[in-house]
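Just so you know, all these numbers are worked out from the coordinates, no wet-lab data involved. None of these values were measured; they are calculated from a predicted model. Please note: Cβ atoms are built from the backbone with ideal geometry, for glycine as well, and neighbour counts cover all protein chains shown.
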Protein chains: 2
Amino acid sequence: MTINIMDIAKRRGFFWPSFEIYGSVGGFYTYGPLGSLLKLRIEKLIRDHYITKEHCLNIEAPILTPEDPWIASGHVESFTDMNMECTKCGEPHRADHLLEEKLKIDAEGMSLNKILAKIRENKIKCTKCGGELGEPYDYNMMFKTSIGPGKNKITGCLRPETAQTTYMPFRRLFELGRKKLPMGVIQIGRSYRNEISPRQGLIRLREFSQAEAQFFMDPKADTRHPRFGRVKNMKVRVLTKGTQAKNGKETEMTIGGIVAKKHTTEWISYLLATSLELFEKMGIDPKRLRLRQHKDDERSFYSSDTWDVEFMSDTFGKIELVGVAARTDYDLGRHQEFSKQKMEVNIDGNIFIPHVVEVAYGIDRPVYAAMESSAKKDGDRVYFSFPPEASPYQIAVFPLVKKDGLPEKAMKVYDMLNDAGFYVLYDQGFIGKLYYRQDEAGTPFCVTVDYETASDKSVTLRNRDDQMQVRVKTDALPDVLKKIMTGKLQFRKAGKVLKK
Amino acid sequence: MTINIMDIAKRRGFFWPSFEIYGSVGGFYTYGPLGSLLKLRIEKLIRDHYITKEHCLNIEAPILTPEDPWIASGHVESFTDMNMECTKCGEPHRADHLLEEKLKIDAEGMSLNKILAKIRENKIKCTKCGGELGEPYDYNMMFKTSIGPGKNKITGCLRPETAQTTYMPFRRLFELGRKKLPMGVIQIGRSYRNEISPRQGLIRLREFSQAEAQFFMDPKADTRHPRFGRVKNMKVRVLTKGTQAKNGKETEMTIGGIVAKKHTTEWISYLLATSLELFEKMGIDPKRLRLRQHKDDERSFYSSDTWDVEFMSDTFGKIELVGVAARTDYDLGRHQEFSKQKMEVNIDGNIFIPHVVEVAYGIDRPVYAAMESSAKKDGDRVYFSFPPEASPYQIAVFPLVKKDGLPEKAMKVYDMLNDAGFYVLYDQGFIGKLYYRQDEAGTPFCVTVDYETASDKSVTLRNRDDQMQVRVKTDALPDVLKKIMTGKLQFRKAGKVLKK
């Protein structure tokens, strides 16, 4: 595999560094025509799943907030990374990453003093100019601004996560959900992290998109997950905290087995399993995914158990795509304490602050992982094997030539497929070039209208992955395509095979 | 009509003031379970239209940007409103709005001195405490922050509009569009305006959503719009700048007539007409909409022609839902000047900076206008008559009772309708209450699974607007509902009528 994803992403308009004409700023990317659609499909897959299958309420809160919720959540105090600036050129360095890069050690959670000692002892210098590095200090990654004019202004923060903006209206949501637990709430939107020195494309952004679902529950009553049976036989690769302590390797287990062996709860393993199903729908290679439990010294102090799904990237190594965490009653408890508003609920006379199990997806990382997983090389041909549910376009429609009324006929097919609810693209030009272009866009099916279309009332349907072509009645196209996409019809049986 | 939209919006979870537990901050609203879905439907209607019918490229750029593009665009210098603070209590007042409120005059564009004179002459005081108002001053409405740490930090801005974030990558987009004009680009996302004193709910927000489509063109070649014929006979209510100068009233004209009488171009009138079509699809009453051309002294200096679509709100009076403006080559020209990057294109040897015609929708205002237009009272019954394409849910599925296996059967119908691509809600409880709740949510159809469902393989389908009920075969539901929603089947003909 020698496909450079960043190259193809720029050339084909998936994404590129933002503000290029003014000199790019690290940690900001713009999604182009193909990438923005891929991202929308991925967001829709996640949102639809949590709304329709997990019965979550959907909400959309502001990104810009006052400071209060972030004082309560602890972000104002401790949403920090360690920064070391070069004493000569001023270049900032994220201290733990610098150590990891230079010494190949795990520096997460190391103290300021220990990091400084390691830097000095190993004579690590500025990566830009070779200058001496200053002392490391805790650098807060919240973006702050002011809301309102003059003397009335208050401090504003760009949210570092969607979660707190879902917790704040908990009382309203609980009323709207008719005071029942468990209650799930999903929110998809932008979040911000003023990274010290982001240099990894979509993997480390200062402005990124998240999909977070919070499940509020009674910790005594809701120990079983109602849909656990559906996933319990799913096989997964797992690295538990116990195995990591023993420096062991990941093992294959079933979702049911993880719970049976008391590594975690039904809720956490169910949410991990469904995230794996969603990643597969996005076109992310399941063989490159594993579940990793946070070690005791790595987990946030208020979390009783946290797991990540990790993707093994060719370019970036292990990257976390989603985190699932038991957050106890910490968040609602803190908001109750700081806002003086009651977050307790009363269910059948039992009064308590609900506990939260949270599933927190990045969106940009799955977009990248789907691209890396789906990039295929077949001789000279490069294509993305996105599943039809995730691909930017599902179908491209072309006229064989740009004359003799074929474009008008092709446009009618385009309109028909659009009206049937598919994501369709119309294009025209040299047919070989059009196919090439759609391969690079990951479009699973191409439809060509030719001179015979008028007489045989048929079109040529081309399959991206094996380039097979079949002749299909024009009127039957929506139905045939729907059946192929849902696995109810094999492509080769969709019509007369024209070309292998 | 005595339905209080804000009341029902809060009670039923459409939207509410954000951060309530910490005391709300003016200009921020949270969309709840129903409102966030309504907003998503409205965004999808707009996005799908511009992508599939106007062949726009879709992009998604960061909200947080460096300052440079806003220096070029002029926002850093002149994105201002006039603020007057109370000398006693410090309360800020937007000076022109204060004059309009107190004196019922049009204060837009009035100078600082003239405003101050009017305030003193009419002895206008602080609306909060009655104190003396200070001198008005130009207050910049950009939200600013810092990006990056330490000495390396640069000024960051929350974008006041999506437009400039579309102009910046123009060269890339032009390449991706294969160097053809006209080229359309659509972007939907949040924008920010640090309003002085916002107090009008969704109508005046500090954080709001926009959908802006920019059409780049050759001003010499692209004088005709290719799809103008489709809309030219549409009748619309119009207030031209000429009529306004003569203090005249709006007149009814056709879209073709507006162009024939040289009030504006085919492009502008086409974009206005299609926005009216979209507003109708959202459930906004067409009789409450009109086109209003900006007067010469009201228009931005670089725009050669600007029009708004105005909605007549019961609560807020005239509100602008969308603006369509000929922006000439101003934006690209300024970015060329400030970034020193060429924005000129070369089409058949003709070298020029493309001109832009822009259509800029707010999203929050159409959400509100759709709710106000659709709110209906029928005796004691209150319902939203949202069209199925815009309603938060299209179908609600209930079991008649919560026992005897009916919930499981209803859940199967729910799954079937979900898989068919509808937006479906499952609920259970007292059937009358469930209907009542779905009326208030604007759900056009309810399906009830009852004791007869097992034997007659049918369900009861209920129409929101007239409460008619018909009996429909369960298997036929997806097809029947699709036909009813697309106007191909009358509700009363969908099955045996049970109840008028």
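Some notes on this structure:
- Excluding same-chain neighbours fewer than eight residues apart, the aspartates and glutamates reachable from A:LYS44 by a Cα-Cα span under 16 Å are A:GLU54, A:GLU60, A:GLU212, A:GLU277, A:GLU280, A:ASP364, A:GLU389, B:GLU43, B:ASP48, B:GLU60, B:ASP419.
- Reach of B:LYS125 by Cα under 23 Å, taken over lysines that are not fewer than 8 positions away in the same chain: A:LYS151, A:LYS153, B:LYS88, B:LYS102, B:LYS104, B:LYS114
- For A:LYS220 and A:LYS44, a Förster radius of 45 Å and the Cβ-Cβ distance give a FRET efficiency of 0.80, rounded to the nearest 0.05.
- Taking the fewest neighbouring Cβ atoms within 10 Å as the starting point, the ordered list for B:LYS123, B:LYS377, B:LYS128, B:LYS39 is B:LYS123, B:LYS377, B:LYS128, B:LYS39.
- Look at the dipole of segment A:393-498 built from charges on Cβ: of A:TYR426, A:GLN490, A:ILE395, the Cα furthest out on the positive end belongs to A:GLN490.
- Per-selection Kirkwood Rh - the protein assembly as shown (Cα, Å, 1 d.p.): 30.6 Å
- Volume per residue of the C-alpha convex hull in segment A:17-85, rounded to whole Å³: 184 Å³
- Amide N proximity, segment B:51-84 versus A:LYS402 label position 7 Å along Cα-to-Cβ, cut-off under 19 Å: B:55-57
- Fully extending the segment from B:ASP296 to B:ARG230, taken as 0.36 nm per residue of separation minus the present Cα-Cα distance, adds 20.8 nm.
- Exam field: B:GLU20 pseudo-label spacings to other copies (7 Å along Cα-Cβ), nanometres: 4.6
- With R₀ set to 35 Å, the beta-carbon distance separating B:ASP466 from B:PHE430 gives a calculated FRET efficiency near 0.95.
- Across all directions, the shadow cast by the convex hull of segment A:83-136 built on its C-alpha atoms averages 3.1 square nanometres.
- The gain in end-to-end length when the B:LYS128 to B:SER146 segment is fully stretched comes to 3.1 nm, 0.36 nm per residue minus the alpha carbon separation.
- Helical contribution to [θ] at 222 nm, DSSP H n ≥ 4, -39,500 (n - 2.57), averaged over the protein assembly as shown, rounded to 500: -8500 deg cm²/dmol
- Size of segment A:95-217: Rg and Dmax of its alpha carbons, in Å, are 20.4, 62.
- Rg then Dmax, both in Å and based on the Cα atoms of segment B:393-498: 12.3, 36.
- For segment A:1-98: relative contact order, % (alpha-carbon pairs under 8 angstrom, 6 or more apart): 13 percent
- For A:LYS377, the lysines whose Cα comes closer than 19 Å to its Cα, not counting residues fewer than 8 places off in the same chain, are A:LYS10, A:LYS287, A:LYS433, A:LYS500.
- Unpaired by the 4.7 Å Cβ criterion, cysteines found in chain A: A:CYS56, A:CYS157, A:CYS446
- For the Cα trace of segment A:212-350, dividing Rg by the Kirkwood Rh returns an Rg/Rh value of 1.01.
- Subtracting the Cα-Cα distance of A:LEU112 and A:LYS412 from their residue separation scaled by 0.36 nm leaves 101.4 nm.
- In terms of distances greater than 32 angstrom between alpha carbons, the cross-link table entries A:LYS409/B:LYS457; B:LYS53/B:LYS488; A:LYS376/B:LYS412 yield A:LYS409/B:LYS457; A:LYS376/B:LYS412.
- Each label point was placed 7 Å from the Cα along the Cα-to-Cβ direction; for B:LYS493 and A:LYS473 their separation is 2.5 nm.
- With θ taken as phi - 60° and the Karplus curve 6.51 cos²θ - 1.76 cosθ + 1.60 applied, the whole-hertz 3J(HN,Hα) list for segment A:70-79 is 8, 6, 4, 6, x, 5, 4, 7, 10, 7 Hz, x standing for glycine and proline.
- Computed from the C-beta positions of A:GLU320 and B:GLU344 and an R0 of 45 Å, the FRET efficiency is 0.55 to the nearest 0.05.
- Residues listed by number, segment B:4-33, amide nitrogen under 14 Å from B:ARG199 label point at 7 Å toward C-beta: B:26-27
- Of all chain B C-beta atoms, the nearest to the rotation axis linking B with A is recorded, alongside its rounded Å distance, as B:THR145, 2.
- Rg/Rh ratio calculated on Cα atoms of chain A (Kirkwood radius): 1.01
- Exam field: A:ASP415 pseudo-label spacings to other copies (7 Å along Cα-Cβ), nanometres: 3.9
- Copies compared at A:GLY432 - label distances in nm, ascending, label defined 7 Å from Cα in the Cβ direction: 7.4
- Point-to-point label distance, B:GLU101-B:ARG120, nm (Cα→Cβ direction, 7 Å offset): 2.3 nm
- Along its first, second and third principal axes, ordered by size, segment B:147-293 spans 60, 46, 32 Å in Cα coordinates.
- Couplings 3J(HN,Hα) of segment B:145-153, computed from phi: 8, 10, 10, x, x, x, 6, 7, 6 Hz, in residue order, whole Hz [Karplus 6.51 cos²θ - 1.76 cosθ + 1.60, θ = phi - 60°; x for Gly and Pro].
- Share, in percent, of DSSP beta bridges within the protein assembly as shown that are antiparallel, nearest 5: 85 percent
- Nonlocal amide H pairs with A:PHE143, under 5 Å, H built at 1.01 Å: A:LEU158, A:ASN194
- Of interest is the spacing of the C-alpha centroids, which for segment A:188-253 and segment B:119-162 amounts to 41 Å.
- Within chain A: Cβ-based charge dipole about Cα centre, in debye rounded to nearest 20 (Lys, Arg +1; Asp, Glu -1): 1220 debye
- Residue-wise HN-Hα coupling along segment B:278-286, computed from phi with Karplus coefficients 6.51, -1.76, 1.60 (Hz; x: Gly, Pro): 5, 4, 5, 4, 7, x, 8, 5, x
- For segment B:193-270: rounded, prolate or oblate by the Cα gyration tensor [a/c cutoff 1.5]: oblate
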